[in-house]
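*Asks:* Take a look at this one; I'll ask things after.
The values are calculated or read from the model by the stated rules, or taken from the named source; none is laboratory data. Predicted model, so just to flag it, every value in this text is computed and none were measured. Please note: Cβ atoms are built from the backbone with ideal geometry, for glycine as well, and neighbour counts cover all protein chains shown. Side chains are part of the model used for accessible areas, which takes the heavy atoms of the whole protein and leaves out ligands, DNA and RNA. Shrake-Rupley method; radii C 1.70, N 1.55, O 1.52, S 1.80 Å.
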Amino acid sequence: MRGNLKQAWLWMLPVAFLGACGGAPEAALEDGTLEEGTQALISAPTLPASGNIADSTTLKGPLAIGGAVAGYPSTLPGYFGYTLQANAGAQLALEVTHLGSSMYLDTGLFLYGPKDASGSYGATLHAQDDDSGYGTLSKVGLVTVPKTGEYLVVVGFVNGVDKQFRLQAACVGGTCLPNPQPAPAGAVLTYVENPLTERLQYTLDTANQVREDATSYLRRLDYQWPYSGEATLTQAAAAVLAQGRYIGYRSDPAPLVLSLPELNDAMYSQFRPLLPVMLETYGNGVETVQVKRYYRTFSTGPNGDNWRSLYVILFPQSYKVLVYEQTAHEI
């Protein structure tokens, strides 16, 4: 239910293999595709003075992985919150389903948490969606839970009076999948792009204002992993380079595997504050974060040369890849 576009940051690469526990999440829009909508955007709940996003919702009870709940709004607009217990690394699909939901209902879907010792779910938004489900219903095809604990799934609505909805949570991989099998030979990673956290986005935006001739871009990709063991850096890099926007890096004859200190040294100085925020936000503190760098240079004509570096950063136990690209050009 986007004012004039359906969220374009949710997209998926082709699926090579399907896991048990419901298979792969369905594909959403292709990268960069826009779709017209007829409703207004349902934004996330307003952060209350308490800092606990739950205080901006009506708490309705628990939602189990593999289960579903029904909601019956009586206010316009509003937000219903449902608690969900999940282990670190659990990969979930959340959806306001067509079955069990009223016609023409317009929803938004948000995930916060985990709840801390004071009982607050905080304000960190792990995933959100507006219209990726049926019609103007909401669907998060894949989100990876960073820590073990209790999360808050929030359904927002603007036209919910005298309507109902059905919210379900399904396991698609990670630690919520019982008895996973080893990955088959040639397994290809399937990604869903989710937004950066507000803190990480702010850090990136601030650094991009320092110099006119140097710019960086950062994307967060959650990948589905319904297997035992860990995905490899080679698999992660291959799936990233398969995207059309990175076609120019495929010609790099000798990509480098870097350590985290080497990555830090390779980043332009104004962007180095990004790295600790990346690790704190998406790492579990014990996994070995891996990095591969690709490089390209090309002439931009009378204005000189342009240099670009692409860094594929794999978090193998948190099921995330960060794609960091930095550019510089003569001015």
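*Asks:* Under 6 Å by Cβ, and 6 or more places apart or on different chains, what pairs join a residue from the stretch 40-63 that is under 25 Å from Asp131 (Cβ atoms) with one that is open to solvent by 100 Å² or more (accessible area, probe 1.4 Å)?
*Replies:* Every condition considered, the pairs that remain are Ser56/Thr46.
*Asks:* Hey, another quick one. Return the total of residues in the stretch 136-173 being open to solvent by 10 Å² or more (accessible area, probe 1.4 Å) and on the phi > 0 side of the Ramachandran plot.
*Replies:* Of the residues in the stretch 136-173, 2 are open to solvent by 10 Å² or more (accessible area, probe 1.4 Å) and on the phi > 0 side of the Ramachandran plot.
*Asks:* Restricting to the stretch 112-130, name every residue that is part of a loop (DSSP other than H, G, I, E, B), open to solvent by 10 Å² or more (accessible area, probe 1.4 Å) and within 17 Å of Ser43 (Cβ to Cβ).
*Replies:* Ala123, Thr124
*Asks:* Sticking with this structure for a sec: For the stretch 93-107, check the following and say yes or no: at least one residue is under 20 Å from the mean Cα position of the chain (by Cα), more than 12 Å from Val155 (Cβ to Cβ) and surrounded by 15 or more Cβ atoms within 10 Å (Cβ to Cβ).
*Replies:* For the stretch 93-107, residues under 20 Å from the mean Cα position of the chain (by Cα), more than 12 Å from Val155 (Cβ to Cβ) and surrounded by 15 or more Cβ atoms within 10 Å (Cβ to Cβ): present.
*Asks:* Given Ala236, Ala214, Ala266, Ala207, which one is among the small types (Gly, Ala, Ser), under 23 Å from Cys171 (Cβ atoms) and surrounded by 14 or more Cβ atoms within 10 Å (Cβ to Cβ)?
*Replies:* Testing whether each residue is among the small types (Gly, Ala, Ser), under 23 Å from Cys171 (Cβ atoms) and surrounded by 14 or more Cβ atoms within 10 Å (Cβ to Cβ) leaves just Ala236.
*Asks:* Return the residues of the stretch 80-111 that are out of contact with any Pro (no Cβ under 9 Å at 6 or more places or on another chain), under 20 Å from Ser318 (Cβ atoms) and part of a strand (DSSP E or B); say none if nothing qualifies.
*Replies:* Ala90, Leu92, Leu94, Leu111, listed by residue number.
*Asks:* Mind telling me which of the residues Ser74, Ser50 ends up being open to solvent by 40 Å² or more (accessible area, probe 1.4 Å) and under 23 Å from Asp106 (Cα atoms)? Break it down stepwise before answering.
*Replies:* Details: Ser50 fails: under 23 Å from Asp106 (Cα atoms).
Matching residue, one of Ser74, Ser50: Ser74.
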